[in-house]
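Everything below concerns the one structure shown next.
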Amino acid sequence: MLAKFLKQHTGPLTADLVQEPGHFGLGKVPRRLKPASTVTSICGYCATGCQLKLHLDEQGRAVNLSPQAGYPVNLGMACPKGWQALDPLDSPDRATVPLLRDESGTLQAVTWADAMGAFTGRLQAIKEQHGRESVAFLSTGQIPFEEMAFLGCLFKFGMGFLHGDANTRQCMATAVTAYKQSFGFDAPPYSYADFEESDVIVLVGSNLCIAHPILWQRVMRNRRNPEIIVIDPRATETAQAATRHVKLQPKGDLALLYTLAHCIIRDGRTDAASIERTEGIEELTEFLMDYSPAAVAPATGLSVEEIEALARTVSEPGKRVSWWWTMGVNQSYEGVRVAQAMINLALITGNIGKPGTGANSITGQCNAMGSRLFSNTTSLVGGHDFANTGHREKVATGLGIPCDAIPSDPSLAYDEILAAAEAGRIKALWVIATNPFHSWIDSGKLAALRENLEFLVVQDMYRTTETALAADLVLPAAAWGEKEGCFINSERRIGTLKAVRRAPGVALSDFRIFRLIAGAWGCGDLFAGWKDPESAFKLLRDLTRDRPCDITGIEGFEMIDRLGGIQWPYPAGSPTVEPALDTERRLFEDGNYYTPSGKARLLFSPPAPLPEAPDSTFPFLLLTGRGTSSQWHTQSRTSKSDILRKLYPHDAYIEIHPDDATRLSLKEHDTVTVRSRRGVMNAAIYIAPTVQPGQLFLPMHYPEVNRLTHPSFDPHSRQPNYKACAVSLTKIRRFAD
Ligand code: SF4
């Protein structure tokens, strides 16, 4: 049966595939994985990076899982998504064979050989006719970084294209840019242990209870009786559990943070030694003159007394203060400056490089940090710079490729790639493990953009995502649990994942697909050293030498597992840490930053107005965010779990303040039409004082939501502003009303 299937669907490439070590597809028990009772693997959803213990049957197939008790991240805990991590693998809509759209417009099953022929034939023809800027890839934060690096290096150095970006642009670009500008490198400074070491924990635009529930558990383990402050327009689950909710107006955060710095400098509550390690204090002080509490209070919606009290709390002498942010900051038209306003506060009060402190971005996706260091999109692989000649030479030597294969010019960002596709300059897109037809801002535009594309390739574990359904070619990919590699979590900890299931049909790991493409494109020799994920890991490890993310002290996957994950940096010669005790390494303890001067930069600029404020036609401000801890982004995976599906509403719902509901004669469960200048959707009414009057909240997981959102972007990071746009609300009337 299997032999017949392979004969039909694979062609001459099959023999090569089944003999590859480390590949868990096509029906052979992989050599690497011997049947055993359990193996460990990092969860494949969020960037907390919990370790799961996978329970195997005698064939080495995972049949169940439990959280790993000794792992320093999750300490034996997992959220609902982690507990159900195996469920999405069994879904009947898995992509099991390559699919190619025929002349009638129908996707038809083809062999891998035919798929590779179509892939290389179409893309080489487009490149020949339109040049190296006519094709782009859009990738993910969800695959191991060895695969991300392979994709980025193959596409740019092997296939000779220039433009590629990842959906981490939707998630972490703001934090990346803020850190690079302020610290000289994309370096989140903290360890999760800091949640337990703080006296004052300030969460800005972060619904930690829902988005990172295990990190909230770390907060709950804090024995210092901390003040927990949530700065958020909504009374989120986290705000309700905090000791203080600062309920400001949406996008009043930047002005508020500047005002706090104003008060702290005015009152002399600064740390002279820490300021000595910065550049720009005179300019910042001058800038902050205009940000007195009285001047700023109206824009924030807070009283002068509230602002003054908050300023005192976050600068209390002798107290450890930590600042934490997620998407409420990152997904903003001015998120970089908001993040840097927190960095400034940490720097001027001396709350950095010590236990329980820091200006700390909590990452979104399981491997967003891996993408930041290794995807070869914004930065040259291994924490390098495309524009730096020395960096290009170092990477070329390390990878054994010609230096002139490495472009010196930067890639377009995600929004610029899509704009170029809309304008017809980009003719083909290769989308890997992401679903922009659902997740991209103002997503209604994607359908029109599709009309302008000559060729759309989607490489994914499912054939039914909104993006896969629009593809010309679908390449079936193995999922988390069906392949090996490494993720890097929010606190810079590298952990391994394991192959514990066979990929269905002839689906292949993304790593194997990239190897096939390299061979089919004719650049296989350039990637001869990329034999399997661990070989790639070692190549990448060696590239990091002497960079801030130096991990040359890591021998390989076994060492990572043995030590309970390893935080970067871990250069050669690092002292060997005890297993599972490597939990306290934070950056900047010596006051040295990665800038040329060794000092951190204090950066700022005036707040900008909302890109789309409510008006008489669209009188509500729409906020979006995570709905429940059981939902993940576009729900491609979480909707495939019977258990997770029971833990959240099936259809879209919208939160509205009771006063607005009364004014509009809306009752619980009424259906309303939500309309913006770009699109329209229906949702059920959920009346709750969690939102302020004049504001609405929609969970982001429903495909219609991004038809409404406003396509504005942070000018520094190009991250989309998902969180605030103007909408109207109309009740759908029924005869019974
Ligand atoms: S908190 Fe994140 S990493 Fe941990 S189990 Fe849940 S989804 Fe997985």
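Numbers for the structure displayed
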item: Cα gyration tensor category, rounded, prolate or oblate, for the range 173-361 with a/c compared to 1.5; result: rounded
item: Longest to shortest principal axis, alpha-carbon extents of the range 444-541, angstrom; result: 42, 35, 30
item: DSSP bridge orientation in the chain - percent antiparallel, rounded to nearest 5; result: 45 percent
item: The range 173-361 - percent relative contact order, Cα under 8 Å, separation 6 or more; result: 32 percent
item: Global geometry of the range 276-363, whether rounded, prolate or oblate, following the gyration tensor of its Cα atoms and the 1.5 cut on a/c; result: rounded
item: Solvent accessible area, Å² - R132, 1.4 Å probe, full protein context; result: 90 Å²
item: Estimated dipole of the chain in Debye, rounded to 20 [Cβ of Lys and Arg +1, of Asp and Glu -1, Cα centre]; result: 1380 debye
item: For I401, solvent-accessible area (1.4 Å; no DNA, RNA or ligand), Å²; result: 20 Å²
item: Angle between the chain longest axis and helix 173-183 axis [Cα atoms, degrees, rounded to 10]; result: 70 degrees
item: Dipole magnitude of the range 620-731 about its Cα centre (Cβ charges: Lys, Arg +1; Asp, Glu -1), debye to nearest 20; result: 360 debye
item: Mean separation of Cα contacts under 8 Å, 6 or more apart, over the residue count of the chain: relative contact order %; result: 19 percent
item: On Cα atoms only, tilt of 389-399 relative to the major axis of the chain in degrees; result: 40 degrees
item: The range 651-737, accessible surface, carbon-and-sulfur percent (1.4 angstrom probe); result: 53 percent
item: Solvent accessible area, Å² - S411, 1.4 Å probe, full protein context; result: 30 Å²
item: Carbon/sulfur fraction of accessible area - the range 472-572, other protein chains in place, 1.4 Å, %; result: 48 percent
item: Crossing angle, helix 304-313 versus the chain [Cα axis fit, 0-90 degrees, rounded to tens]; result: 60 degrees
item: Straight-distance crosslink candidates among lysines, where the alpha carbon sits under 17 Å from K180 and sequence neighbours closer than 8 are dropped; result: K599
item: Prolate/oblate/rounded call for the range 620-731, Cα gyration tensor, a/c under 1.5 rounded; result: oblate
item: Euclidean distance of C-alpha centroids, the range 380-398 and the range 63-88, integer Å; result: 37 Å
item: Per residue accessible area of the chain, 1.4 Å probe, in Å²; result: 35 Å²
item: Over the chain: helical MRE at 222 nm, DSSP H runs n ≥ 4 each giving -39500 (n - 2.57), nearest 500; result: -8000 deg cm²/dmol
item: Solvent exposure ordering (accessible area, 1.4 Å, most first) of H650, H710; result: H650, H710
item: Accessible area in the full protein assembly, largest first, 1.4 Å probe, for E276, E416, E306, E655; result: E276, E306, E416, E655
item: Extension reserve of the E308-A125 stretch, reckoned as 0.36 nm per residue once the Cα distance is removed; result: 59.5 nm
item: Hull shadow area, averaged, the chain [alpha-carbon convex hull, nm²]; result: 31.3 nm²
item: Ranked by how many other beta carbons lie within 10 Å on average, peptides 485-493, 228-236 from highest; result: 485-493, 228-236
item: Within the accessible area of the range 157-258 (1.4 Å probe), percent carbon and sulfur; result: 42 percent
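The values are calculated or read from the model by the stated rules, or taken from the named source; none is laboratory data. Since the structure is predicted, the reported quantities are computational estimates derived from the model, not experimental observations. As a convention, Cβ positions derive from the backbone with ideal geometry for all residues, glycine included, and neighbour counts pool all protein chains shown. Ligands, DNA and RNA are excluded from the accessible area calculation, which covers all protein heavy atoms including side chains. Shrake-Rupley method; radii C 1.70, N 1.55, O 1.52, S 1.80 Å.
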